[in-house]
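Quick notes on the structure that follows.
The values are calculated or read from the model by the stated rules, or taken from the named source; none is laboratory data. All figures in this text were calculated on a predicted structure; none of them were measured in a lab. Ideal geometry is used to build each Cβ from the backbone, glycine not excepted, and the neighbour counts take in all protein chains shown.
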Amino acid sequence: MNDATYVLDEGLGKFPKIHELQTKLREPAIQQQEQERVKLEEELRQTEATATSYMQLANETVAMMKLFTATLSEAFTMPEIVQRLAGMLDYNLELLTGPKSKNLKVENADQYSFNPKTLLAELTDIYLNLGSSPAFVEAVAADGRSYKPQTMAHTAHILRSKHLKDEMDIRRWEELSKKFESAKEILDRAELDFDDAPPEFEDPIMGILMSDPVILPSRHTVDRSTIMQHLLSDPKDPYTRQPMTIDDVIPAVELKEKIEAWKAERRVRARGAVAQVTAGGSGGEKGDAMDTTE
């Protein structure tokens, strides 16, 4: 997954530059300035070579992820992986179908091993392969950086209009998109309920409410999912930079019990507030409670 993130970033990241250079080289003024034109052509050749190399690796890596998520989906929905995977997928889906996609349009894209239609189809396959996992659905919905319901809807439009998927798969995509939206509403509601958590309950690295706090060798406390994600790419304590593994952490049992008790209390209050609104609370209160449009 780290490889997929890296090669997609490096490969797709070169196309806005290629687009820019190709546009400049078509300008009449540049055509008449031989020294500047030669400089731009050399920069273009170097950028093209780099893009081609990374896109070849990206195509192979995404194809393998498509295969592995179809046969070993459980491995990709583990807590230490699923959030990073969802973020990577959402980011690249937005890049391929959102407003920035116009910057990926280059002349003779095939010469760079770049076929955005094929790449989009394979990314959607990965989503569909993992769509039955509640952990994956929640991770996509929780991605505040790149997940957008309108991106999912626009992707369905592209898949249908470009005939990239059959109608059955497109309907599966639309159903999965509804799951993401529903999960987002639930998460937004929970965030409102838990937004005043005591500082000691929050992960100091990610700023999230901890669900499984653990104590590091440095004696700092973080959520287990945070340190597991960190150790995937850097096997050191993030505070002391000393080597460590996940076996070195100690569960913060007492703190976890406090967090669970606090969350349970908040849920009771939330259920009471919802019940009050349902029983005849003011329209303004109901609107405030259910507003998940942002």
>> Quick check on my filter: what residues within the range 213-235 are touching a strand residue (DSSP E or B) at 6+ places or on another chain (Cβ under 7 Å) and surrounded by fewer than 14 Cβ atoms within 10 Å (Cβ to Cβ)?
In response: 235
> Yes or no: residue 186 in contact with a strand residue (DSSP E or B) (Cβ under 8 Å, 6 or more places away or on another chain) and either over 16 Å from residue 79 (Cα atoms) or assigned to a helix (DSSP H, G or I) (or both)?
Replying inline: no
> Just to be sure, is residue 69 assigned by TED's automatic domain parsing to the domain that holds residue 127, among the β-branched types (Val, Ile, Thr), more than 29 Å from residue 231 (Cα to Cα) and assigned to a helix (DSSP H, G or I)?
Replying inline: no
>> One residue is enough: does the range 224-240 have a residue meeting the conditions part of a loop (DSSP other than H, G, I, E, B) and in contact (Cβ under 8 Å) with a residue 60 or more places away in the chain?
In response: no
> What number of residues within the range 31-61 satisfy the criterion of being in a helix (DSSP H, G or I) and either among the polar types (S, T, N, Q) or surrounded by fewer than 17 Cβ atoms within 10 Å (Cβ to Cβ) (or both)?
Replying inline: 21
> In the range 194-215, how many are more than 26 Å from the chain's Cα centre (by Cα) and part of a strand (DSSP E or B)?
Replying inline: 1
> So which of 205, 227, 246 is outside the structural domain of residue 118 (by TED's automatic domain parsing) and out of contact with any Leu (no Cβ under 9 Å at 6 or more places or on another chain)?
Replying inline: 205
>> List pairs: first residue in the range 16-41 and assigned by TED's automatic domain parsing to the domain that holds residue 108 and farther than 16 Å from residue 102 by Cβ, second residue surrounded by 13 or more Cβ atoms within 10 Å (Cβ to Cβ) and among the basic types (Lys, Arg) anywhere in the structure, Cβ distance under 6 angstrom, at least six positions apart or on different chains.
In response: 30/24; 30/37; 40/24
> With respect to residue 218, is the statement that it is in contact (Cβ under 8 Å) with a residue 12 or more places away in the chain, under 18 Å from residue 62 (Cβ atoms) and either assigned to a helix (DSSP H, G or I) or not hydrophobic (A, V, I, L, M, F, W, C) (or both) true?
Replying inline: no
> When the range 87-114 is examined, which residues are found to be surrounded by fewer than 17 Cβ atoms within 10 Å (Cβ to Cβ), touching a residue at least 24 places away in the same chain (Cβ under 8 Å) and of a type in the set (S, T, N, Q)?
Replying inline: 103, 111
> Can you tell me which residues in the range 176-202 are at pLDDT 95 or above and polar (S, T, N, Q)?
Replying inline: 177
> For residue 173, all conditions in the list (1) surrounded by 18 or more Cβ atoms within 10 Å (Cβ to Cβ); (2) at pLDDT 95 or above; (3) in contact with an Asp or Glu (Cβ under 8 Å, 6 or more places away or on another chain) hold save one; what is the number of the exception?
Replying inline: (3)
> Which residue out of 210, 152 is aliphatic (A, V, I, L, M), surrounded by 16 or more Cβ atoms within 10 Å (Cβ to Cβ) and in the same structural domain as residue 238 (by TED's automatic domain parsing)?
Replying inline: 210
>> Here's a check for you: in the range 72-87, which residue that is assigned to a helix (DSSP H, G or I) and among the β-branched types (Val, Ile, Thr) is modelled with the lowest pLDDT?
In response: 81
